Amino acid sequence: MRRMTEPTPTARLVDPHSTAAAKVGERIAALRRRARLSRPTLADCADLDVRHLQRIERGHGNPTLLSLMQIAVALEVPLAHLVEDLEPEDMPGTRRPYGHSTRDMQTRRRYYAGNGALDY
């Protein structure tokens, strides 16, 4: 007889409830309200399902680059405007870009603190 085992967890680029997803969702919702668009109208203009747009705005979900591009075009803003001000710290549990590891950050702190540039 075969045993039922728990599914193996898969790695995700962004946790569906991460700070980065929440920031992007809040920014999209604010831009939508500023443009005085309803969710169904924006979803129709961006060629997305309304439920998918709702999940993105709430910070639940992991929108693709194509989805973000469609939303940016529908809102008439540059794509970069949706993701600006995101930091590597907003995405916990993911790989950090070169030069942003914990060790590199500690090294920079020691360097700048030793030169009197920063007060820690």
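Readers should treat all values here as calculations from the given coordinates under stated rules, not as data from a laboratory. These numbers come from a predicted model, not from an experiment. Virtual Cβ from ideal backbone geometry, glycine too; neighbours counted across all protein chains shown.
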- Taking K and R as +1 and D and E as -1, what net charge do the other residues with C-beta under 14 Å from the C-beta of residue 53 add up to? +2
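Among rounded, prolate and oblate, which fits region 19-87 when a ≥ b ≥ c are the square roots of the eigenvalues of its C-alpha gyration tensor, a/c under 1.5 means rounded, and a/b larger than b/c means prolate?
Rounded, since a/c falls under 1.5.
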- List the residues whose amide H sits under 5 Å from the amide H of residue 62, counting only those 5 or more places along or on another chain, with H placed 1.01 Å from N in the peptide plane. none
- Least to most buried among 85, 44, by other C-beta atoms within 10 Å and fewest first, runs 85, 44
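Test of understanding: ordering 56, 71 by Cβ neighbours within 10 Å, fewest first, what list do you get?
On the way: 56 23, 71 26.
With the fewest neighbours first, 56, 71 line up as 56, 71.
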- Distance in nm between residue 73 and residue 34 label points, each 7 Å along Cα→Cβ, equals 2.1
- Using label points projected 7 Å from each Cα along Cα→Cβ, tell me how many nm separate residue 83 and residue 45, to one decimal. 2.2
